[in-house]
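Structure record follows, encoded as structure tokens.
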Amino acid sequence: MPIRNEAARAEIVRAVVRWANSAKMTTLEKDHFARDLAKTLRIDYDELVENRLLQIMSPDEVSAAAKAGVQIELHTHRHRTPRDGDLFQREIRDNRARILEYTGRDPVHFCYPSGDYSQEFLPWLRDLNVKSATTCELGLAKQASEPLLLPRLLDAMNVADADFESWLLGMRT
């Protein structure tokens, strides 16, 4: 697969995540796969781990970030998006409970893991009092955007200043 630009690399990551999810890999199996992939790509996996790159925050780090003014919001607790309503809502409830425990505030905004979203999630999110949710679809939200299917502009997309400014001014869709 081509890896010459950010969009191509992002698609590869999504394909790998879809594959790992379809294979129902455990966390340990994903870690072994990531280690093997890093070795193939000549990336020092131990250095990534040692420097805590690509890792989730610890409870103390979440608490410290919140105390410093960072607003911590919802994801799924186990970084999966089950198509079963009860399991999906459990993911949100578990994540919300931890965030409330670590920050003292009840989060109401959500980001779909790996951009995996579906229309069927919308009533489940509304039932859980989620006010907005972001996808991985490229763009800026508009007044007419569905609040639970908001596009986003990723900060690692290497967007030219002129393109970014045109989005902000509403001249680019």
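For residue 29 and residue 93, a Förster radius of 35 Å and the Cβ-Cβ distance give a FRET efficiency of 0.85, rounded to the nearest 0.05.
A crude spin-label estimate for the pair residue 53 and residue 106, with each label 7 Å from Cα along the Cβ direction, gives 4.0 nm. Once the C-beta distance of residue 80 and residue 144 is scaled by a Förster radius of 45 Å, the resulting FRET efficiency is 0.90 to the nearest 0.05. Cross-link reach is defined here as a Cα-Cα straight distance under 21 Å, omitting same-chain residues fewer than 8 places apart; for residue 30 the lysines meeting it are 39. Among the chymotrypsin sites (Phe, Trp or Tyr not before Pro) found in segment 79-173, not one is both in a DSSP coil and sparsely packed, with 11 or fewer other Cβ atoms within 10 Å of its Cβ.
Gain on full extension, evaluated as 0.36 nm per residue between residue 66 and residue 171 minus their Cα-Cα distance, stands at 34.3 nm.
Springs join every pair of Cα atoms under 10 Å in this Gaussian network model of the chain, and among 18, 96, 80 the largest mean-square fluctuation is at 18. Using only the Cα atoms of the chain, build the gyration tensor, take square roots of its eigenvalues as a ≥ b ≥ c, and label the shape rounded, prolate or oblate: rounded if a/c is under 1.5, else prolate if a/b is larger than b/c, else oblate. Judged from the Cα gyration tensor, the chain comes out rounded (a/c under 1.5).
What you get for segment 17-173, charging only the Cβ of Lys and Arg (+1) and of Asp and Glu (-1), is a dipole of about 340 debye around the Cα centre.
Mean separation of Cα pairs under 8 Å and 6 or more residues apart, divided by the residue count, gives segment 57-173 a relative contact order of 19 percent. Note on residue 16 and residue 36: the model spin-label points, each 7 Å out from Cα along the C-beta direction, lie 1.3 nm apart.
No lab work stands behind these numbers, since they all come straight from the coordinates. Note that the coordinates shown come from a computational prediction; the quantities given were computed from them, not determined experimentally. Every residue, glycine among them, receives a Cβ derived from its backbone with ideal geometry; neighbour counts consider all protein chains shown.
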